[in-house]
1. Is it true that some residue in the range 4-22 is part of a loop (DSSP other than H, G, I, E, B) and modelled with pLDDT of 65 or more?
2. State which residue is surrounded by the fewest Cβ atoms within 10 Å (Cβ to Cβ) when the search covers only the range 80-92 and only residues that are more than 14 Å from residue 24 (Cβ to Cβ) and either touching a strand residue (DSSP E or B) at 6+ places or on another chain (Cβ under 7 Å) or touching a residue at least 12 places away in the same chain (Cβ under 8 Å) (or both).
3. Look at residue 96 and say whether it is assigned to a helix (DSSP H, G or I) and either modelled with pLDDT under 90 or loosely packed, with under 12 Cβ neighbours inside 10 Å (or both).
4. Looking for whichever is outside any helix (DSSP H, G or I) and at pLDDT below 95 here; the options are 83, 76, 40. Which one fits?
5. Out of 130, 75, 105, report the one residue that is buried (at least 18 other Cβ atoms within 10 Å of the Cβ) and touching a residue at least 60 places away in the same chain (Cβ under 8 Å).
6. Pull out all pairs, ordered by first then second residue, where Cβ-Cβ is under 7 Å, the residues are six or more apart or on different chains, the first lies in the range 24-41 and is closer than 14 Å to residue 70 by Cβ, and the second is at pLDDT below 90 and not in a helix (DSSP H, G or I).
7. Restricting attention to the range 108-123, which residues are in contact with a helix residue (DSSP H, G or I) (Cβ under 7 Å, 6 or more places away or on another chain), surrounded by fewer than 22 Cβ atoms within 10 Å (Cβ to Cβ) and under 15 Å from residue 48 (Cα atoms)?
């Protein structure tokens with residue numbers, strides 16, 4: 001294919017699908033991605049943990065979980081405020097469910113065996129935005145460490 005045709009075909013390439021409106025499930029995924037990326041490193045262990053949590057939480061297989069994570073990555077990249085995701089969860093999920101969200105965030109943080117200050121700050125801010133206490137945060141951290 002000549003170069004001019006390749007350039008023109010690039011302009012007519014299909015546009016990416018629009019992102020869905022986030023719900024509590026996608027908000028959880030986006031928050032997990034945000035925690036994993038908060039130290040400027042997105043490790044394989046963190047990605048695998050996110051996929052496992054999404055699969056378990058949503059009763060889906062690994063391929064569907066990876067696709068869901070990819071959507072969550074795009075949502076996370078376009079949404080600047082952690083509080084908006086947390087508010088969506090806080091408004092639609094019970095206290096026990098929010099504790100599970102916080103536990104999942106800690107599991108992602110702990111997936112690579114390192115607790116970096118940037119990741120901890122992200123979880124602390126999310127905890128407050130979820131309407132949870134410091135005691136809740138400590139309990140979720142302990143539960144994630146045992147898992």
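The values are calculated or read from the model by the stated rules, or taken from the named source; none is laboratory data. Quick caveat: nothing in here was measured; it's all calculated off a predicted structure. Using ideal geometry, Cβ is built from the backbone for each residue, glycine included, and neighbour counts are taken over all protein chains shown.
1. Just the residues of the range 4-22 that are part of a loop (DSSP other than H, G, I, E, B), to begin with: 12-22.
Restricting the remaining residues to those that are modelled with pLDDT of 65 or more gives none.
Within the range 4-22, not a single residue is part of a loop (DSSP other than H, G, I, E, B) and modelled with pLDDT of 65 or more.
2. Of all residues in the range 80-92, those more than 14 Å from residue 24 (Cβ to Cβ) come to 80-83.
With either touching a strand residue (DSSP E or B) at 6+ places or on another chain (Cβ under 7 Å) or touching a residue at least 12 places away in the same chain (Cβ under 8 Å) (or both) added as a condition, the list becomes 82-83.
Details: 82: 21, 83: 15.
Out of the qualifying residues, it is 83.
3. On the way: assigned to a helix (DSSP H, G or I): yes; either modelled with pLDDT under 90 or loosely packed, with under 12 Cβ neighbours inside 10 Å (or both): yes.
Taking the combined requirement at face value, the residue satisfies it.
4. Details: 83 fails: outside any helix (DSSP H, G or I); 76 fails: outside any helix (DSSP H, G or I).
Residue meeting the stated conditions: 40.
5. Numbers: 130 fails: touching a residue at least 60 places away in the same chain (Cβ under 8 Å); 75 fails: touching a residue at least 60 places away in the same chain (Cβ under 8 Å).
Just one listed residue meets the conditions, 105.
6. 26/20; 30/22; 30/79
7. Hits for the range 108-123 are 110, 112.
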